[in-house]
Structure formats: C-alpha cells, structure tokens
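Here's the structure we're looking at; comments come further down.
The values are calculated or read from the model by the stated rules, or taken from the named source; none is laboratory data. Being a predicted model, the structure only gives us computed values, none of them experimental. Ideal geometry is used to build each Cβ from the backbone, glycine not excepted, and the neighbour counts take in all protein chains shown. Just so you know, the surface numbers come from the protein's heavy atoms only, side chains and all, with ligands and any DNA or RNA stripped out. Shrake-Rupley method; radii C 1.70, N 1.55, O 1.52, S 1.80 Å.
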Amino acid sequence: MSSWNSGWQANVDVTAGSAAITGWRLTWTWTGGQTISSSWNATVTSSGTAVTATDVDWNGAVAAGQTKTSAWGFIGTGAPATPTVTCTPI
C-alpha cells in the first residue's frame, strides 16, 4: 500500500485454498469512512461502508494453493486501512 496527501493505492492478492477456484468475490466493511475512487481488474460495488469486488473473468482462476499477486487494485480515499476481507470462490 502506498499513500499520499489525497489518497492511497492498494494492490490485492487472491489466494486459493486446497482447491483451485475459477472466480472470486471479496467482501469487507470500511471502518473509518474510506471509499474507493477508482479500481482496475475487478468489478467493485459499494453500499454505505460495505464493499464487494468480483473478478473480471480473465483474472478469476487461481490454482490450488497458489496466489494471484496483484489480482486487482484500487485508489482509496480517507485514511489508509487494511480491513478484514472475506474471499468467496464463485
């Protein structure tokens, strides 16, 4: 994560467990008023503080036990944060 006066950038890794996945959905809740002003390599939706990011087909597959480094990323506003994220294979 890198930050500057008006925002911060995060690149997000996605890791598969013991089985390969063909798609992923990440969900989390911001705790300090953060928002996403732009993103790449994911479809991102939000409602209040709840955020959902879903793969964009070509970057959804992750082999069993492997990590897709920088699977997607975003520019955030507000104080930089590392929320607790739930990853669901789809």
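For the chain, the Cα-based Rg and Dmax, in that order, read 13.0, 41 Å.
With an 8 Å Cα cut-off and a minimum separation of 6 or more residues, compute the relative contact order for the chain in percent.
Working: 206 pairs, mean separation 42.1, N = 90.
Worked out over the chain, it gives 47 percent.
Taking only protein heavy atoms and a 1.4 Å probe, the accessible area of segment 2-90 is 51% carbon and sulfur. What the chain shows is 56 Å² of accessible area per residue, with the surface traced by a 1.4 Å probe over protein heavy atoms.
Hey, quick one: spin label on Q66, modelled 7 Å out along Cα-Cβ, who in segment 10-49 has an amide N within reach, i.e. under 18 Å? Only 12-25 fall inside the zone, counting backbone N under 18 Å.
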